[in-house]
Amino acid sequence: MPTSCSSRTSTALSPDLSVRPASSPCQTEGEVVAIAQAGAGIFWLELALSLLPMSPMAGQFAMVGFKDTQDPLLNRPLSIASFEAGSTGCRVGFLVAIRGKGTRRLAEARQGHKLRVIIPMGQSFLRHVGPDQRRIIAVAGGVGVAPMVLLGRQIKQVSPEADFLLLYGAKTKAELAKRHLGLTDGLYVATEDGSEGFKGRVTELVEAERALLLQAGGSAKVFACGPLPMLYALNKLAERHRFDLVVSFEGPMGCGMGFCLGCAMENREGMYVKLCQKGPVMDAKEVDWERLTRSDELRGAGCDFKPA
């Protein structure tokens, strides 16, 4: 169960994240300090929190809900895009796509509004990064860019010598959220209508720029977050070009704590895993892609989890 948040936030990231102490998620109150449109059907939400015992890592998420209503009843799982810890509190940012009643209500929040927050939750991309990693290539579709922004900021603490490049795709220029996320260096953009950057899907951009993988002498690792068809296409590229791929999935999460089983997904061994605990970040080799793409449960999903 979530714990209260009374310990001082730890901001250090161990180079060997496999030995990092486990942390329980905190249930706390978040105050809206910034909310703004970030793109077509997308908004930026930033909350002020009390100090946390452990800083969230890139790829983890928070369950965010309402204190003043039971409609909707369930919290919404949101990928963490930014995190800053001060002497008296923290600020956490989310990039949210409006997809249902819950996210629509969040978009209507105003500064000073109090929200219920459980944070941090799930597994991180950083568990898949070694201290000798030479290049990290992040591939994001739509609001799947959210955890990649935090990954870019944290990666230097884990692997100081690594290059970090971000390939970011959307349908149109209007759906890109570059301004609110501060994206500049090492950024490659693709839009399906050609309104900015490469014309085509971001997976086609990966194919066009696969020399980025070769320049790293075979040591590049690709992290991806976005719609399921994008992740499926990237896995095909990973198999063809033999690069390591780590993906972030979503699922219809009700509780985020592993009790409701709403996010259970069958892996390659035929065992069911709970994405809220064993994910949302997973090695692509663990995934039964053919079975997954035959299912409607995750079809069309993005990294800002599907509202219940």
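The values are calculated or read from the model by the stated rules, or taken from the named source; none is laboratory data. All figures in this text were calculated on a predicted structure; none of them were measured in a lab. All Cβ positions, glycine included, derive from the backbone under ideal geometry; neighbour counts span all protein chains shown.
So which of Gly130, Gly102, Gly141, Gly152 ends up being within 30 Å of Thr69 (Cβ to Cβ), in contact (Cβ under 8 Å) with a residue 24 or more places away in the chain and among the small types (Gly, Ala, Ser)?
Within the list Gly130, Gly102, Gly141, Gly152, the selection yields Gly102.
Quick check on the range 152-165: of everything there that is under 23 Å from Ala190 (Cα atoms) and either charged (D, E, K, R) or modelled with pLDDT of 95 or more (or both), which residue is farthest from the chain's Cα centre (by Cα)?
Here the residue is Asp163.
Report, by residue number, each residue of the range 233-242 that is of a type outside the set (Asp, Glu) and either part of a strand (DSSP E or B) or surrounded by fewer than 22 Cβ atoms within 10 Å (Cβ to Cβ) (or both).
Hits for the range 233-242 are Ala233, Asn235, Lys236, Leu237, Ala238, Arg240, His241, Arg242.
Based on this model, can you work out whether Met230 counts as hydrophobic (A, V, I, L, M, F, W, C), touching a residue at least 60 places away in the same chain (Cβ under 8 Å), surrounded by 20 or more Cβ atoms within 10 Å (Cβ to Cβ) and under 25 Å from Leu150 (Cα atoms)?
yes
Can you tell me which residues in the range 103-112 are farther than 30 Å from Ala138 by Cα, buried (at least 16 other Cβ atoms within 10 Å of the Cβ) and not aliphatic (A, V, I, L, M)?
Within the range 103-112, Arg105 is the sole residue that qualifies.
Residues are listed down the side, and each one gets a yes or a no for (1) in contact with a Ser or Thr (Cβ under 9 Å, 6 or more places away or on another chain); (2) under 30 Å from Thr172 (Cα atoms); (3) surrounded by fewer than 18 Cβ atoms within 10 Å (Cβ to Cβ); (4) of a type in the set (Val, Ile, Thr):
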position	(1), (2), (3), (4)
Ser24	yes, no, yes, no
Val32	no, yes, yes, yes
Ala38	no, yes, no, no
Ile42	no, yes, no, yes
Leu45	no, yes, no, no
Leu49	yes, no, no, no
Leu52	yes, no, no, no
Met57	yes, yes, no, no
Met63	no, yes, no, no
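Please find, within the range 65-102, the residue that is surrounded by the fewest Cβ atoms within 10 Å (Cβ to Cβ) out of those that are under 22 Å from Ser124 (Cα atoms) and polar (S, T, N, Q).
Within the range 65-102, the match that is surrounded by the fewest Cβ atoms within 10 Å (Cβ to Cβ) is Ser82.
Would you check if Met253 is out of contact with any Leu (no Cβ under 8 Å at 6 or more places or on another chain), under 24 Å from Gly100 (Cα atoms), hydrophobic (A, V, I, L, M, F, W, C) and modelled with pLDDT under 85?
no
List the pairs whose first member sits in the range 84-97 and is more than 20 Å from His180 (Cβ to Cβ), whose second member is in a strand (DSSP E or B) and of a type in the set (Val, Ile, Thr), and whose Cβ atoms are under 6 Å apart, counting only residues at least 6 apart or on separate chains?
Close Cβ pairs (under 6 Å, with a partner that is in a strand (DSSP E or B) and of a type in the set (Val, Ile, Thr)) do not exist here.
I'm told Val222 meets every condition in (1) under 30 Å from Ser24 (Cβ atoms); (2) in a strand (DSSP E or B) except one. Can you identify the failing condition by its number?
(1)
Restricting to the range 96-131, count the residues that are part of a helix (DSSP H, G or I) and either within 18 Å of Val145 (Cα to Cα) or at pLDDT 90 or above (or both).
Result for the range 96-131: 9.
Go through the residues of the range 4-17 one by one and say whether even a single one is at pLDDT 95 or above and either surrounded by fewer than 19 Cβ atoms within 10 Å (Cβ to Cβ) or at positive phi (or both).
No, there is no match, as no residue in the range 4-17 is at pLDDT 95 or above and either surrounded by fewer than 19 Cβ atoms within 10 Å (Cβ to Cβ) or at positive phi (or both).
Within the range 47-95, can you find the residues that are part of a strand (DSSP E or B), out of contact with any Phe, Trp or Tyr (no Cβ under 6 Å at 6 or more places or on another chain) and within 16 Å of Arg116 (Cβ to Cβ)?
The answer is Leu47, Ala48, Leu49, Phe61, Ala62, Met63, Val64, Gly65, Phe66, Arg76, Cys90, Phe94.
Any idea how many residues of the range 271-290 are aromatic (Phe, Trp, Tyr) and touching a residue at least 24 places away in the same chain (Cβ under 8 Å)?
Looking only at that region, the number is 1.
Can Gly200 be described as within 19 Å of Val145 (Cβ to Cβ) and modelled with pLDDT of 95 or more?
Yes; evaluated as a whole, the condition is true for this residue.
For the range 132-173, which residues satisfy the criterion of being outside any strand (DSSP E or B) and among the aliphatic types (A, V, I, L, M)?
Val143, Val145, Ala146, Met148, Val149, Leu150, Leu151, Ile155, Val158, Ala162
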